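Peer 1: Have a look at this one before I ask anything.
The values are calculated or read from the model by the stated rules, or taken from the named source; none is laboratory data. None of these values were measured; they are calculated from a predicted model. All Cβ positions, glycine included, derive from the backbone under ideal geometry; neighbour counts span all protein chains shown.
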Amino acid sequence: MTSIDVVGRRSVALPRKRIRPGELVVQAILFLAAAISALTTVGIVFSLLLPALEFFGEVSPTEFFTGTTWAPLFEPAHFGVLPLVVGTLMISFWSALVAFPLGLGVAIYLSEYAAPKASAVLKPMLEILAAIPTVVLGYFALTWVTPFLRDQLGLETEIFNALSASLVIGVMLIPTIASLSEDAMAAVPRDLRDGGYALGADKLQVSTRIVVPAAVSGIIAAFVLAFSRAVGETMIVLIAAGQLARITLDPRLAIETMTAFIGATGNGDNPTGSIEYKTIFAVGLTLFVITLVMNLVSIRLVRKFREVYE
């Protein structure tokens, strides 16, 4: 088959490339991987939704979402989930105060200041920190951080308290924020840095006023991912923060989070199908909706502030 271009010269149309069997196999494997991920998510939603709907058939949603007393295992039972929500958000807030500035500072240092030898030492250390099991971090918070706060700093904290758990979770999140933020900064073109230096800016000004704003979409994504991980953390809060569901903003007191309740209650002591058993799924569905909303907000923010470089 031939064709004629705009200047009258003949051009030969290339034959359509034949798809090799190996490419079809690779496409099928990739599609299967994507389908498994989607179906797993759908399965998780249904596994939470059906028992949760049965729970709300016995407990009023108004009582569940607006009640201020959470005591599903006592008589009379109370199913107000607000204490668990407040405890979860408080833990996430205080851990974010620790993780966000420190993680961003580490990312700026590794991206803009660190020599290759320093990066070769610091990056493996961050990876080791990220690999520590959370149950170990939970006992570290209980047996070292809490005594340090009480004996060395003189804070009147309870044995189980939100502050020690939040501090340890914040440290745990530093590698996540630092790694993702550094990747976002590395994607900023070198020409932007050179332009800043050409205008007389120093390294600090280039880092904070050029590189960080240019990488803000990736940094926001790192922050939201870290915050979502703090919301979903289980073992640290279960061990160090306590299991006392109450509404308080004082991090020195013991609290209970949604994940801690699920971890403590889902140990097989409650009969399957009982109202106590169904509370696990109701709380889990609430936690799922919270994290879903956070991810949707994150996607919107990332798209709004995304910078595209050629």
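Peer 1: Can you list the helices (runs of 4 or more DSSP H) lying wholly within segment 114-196 that have 3 or more residues being at pLDDT 85 or above, buried (at least 16 other Cβ atoms within 10 Å of the Cβ) and in the same structural domain as Ala215 (by TED's automatic domain parsing)?
Peer 2: Hits in segment 114-196: 134-140, 162-186.
Peer 1: Condition first: within 30 Å of Ser179 (Cα to Cα) and touching a residue at least 60 places away in the same chain (Cβ under 8 Å). Can you find one or more residues in segment 62-85 that meet it?
Peer 2: yes
Peer 1: May I pose another question? Suppose the filter is touching a Pro at 6+ places or on another chain (Cβ under 8 Å) and surrounded by 15 or more Cβ atoms within 10 Å (Cβ to Cβ); does Thr69 pass it?
Peer 2: Criteria met by Thr69.
Peer 1: Mind checking which residues of segment 65-88 are in contact with a helix residue (DSSP H, G or I) (Cβ under 8 Å, 6 or more places away or on another chain) and under 15 Å from Ile290 (Cα atoms)?
Peer 2: Phe65, Val81, Leu82, Leu84, Val85, Gly87, Thr88
Peer 1: Still on this structure, I have one more. Name the residue that is modelled with the lowest pLDDT, counting only residues in segment 241-272 that are surrounded by 16 or more Cβ atoms within 10 Å (Cβ to Cβ) and β-branched (Val, Ile, Thr).
Peer 2: Applying the filter and picking the extreme gives Thr265.
Peer 1: Being modelled with pLDDT under 85, over 27 Å from Ser60 (Cα atoms) and either assigned by TED's automatic domain parsing to the domain that holds Trp144 or not hydrophobic (A, V, I, L, M, F, W, C) (or both) narrows it down to one residue among Leu238, Leu301; which is it?
Peer 2: Just one listed residue meets the conditions, Leu301.
Peer 1: Taking segment 160-179, which residues are more than 23 Å from Glu256 (Cα to Cα) and of a type in the set (A, V, I, L, M, F, W, C)?
Peer 2: Matches in segment 160-179: Ile174, Ile177, Ala178.
Peer 1: Mind counting the residues in segment 251-283 that are on the phi < 0 side of the Ramachandran plot, part of a loop (DSSP other than H, G, I, E, B) and of a type outside the set (A, V, I, L, M, F, W, C)?
Peer 2: Summing the residues that are on the phi < 0 side of the Ramachandran plot, part of a loop (DSSP other than H, G, I, E, B) and of a type outside the set (A, V, I, L, M, F, W, C) in segment 251-283 gives 11.
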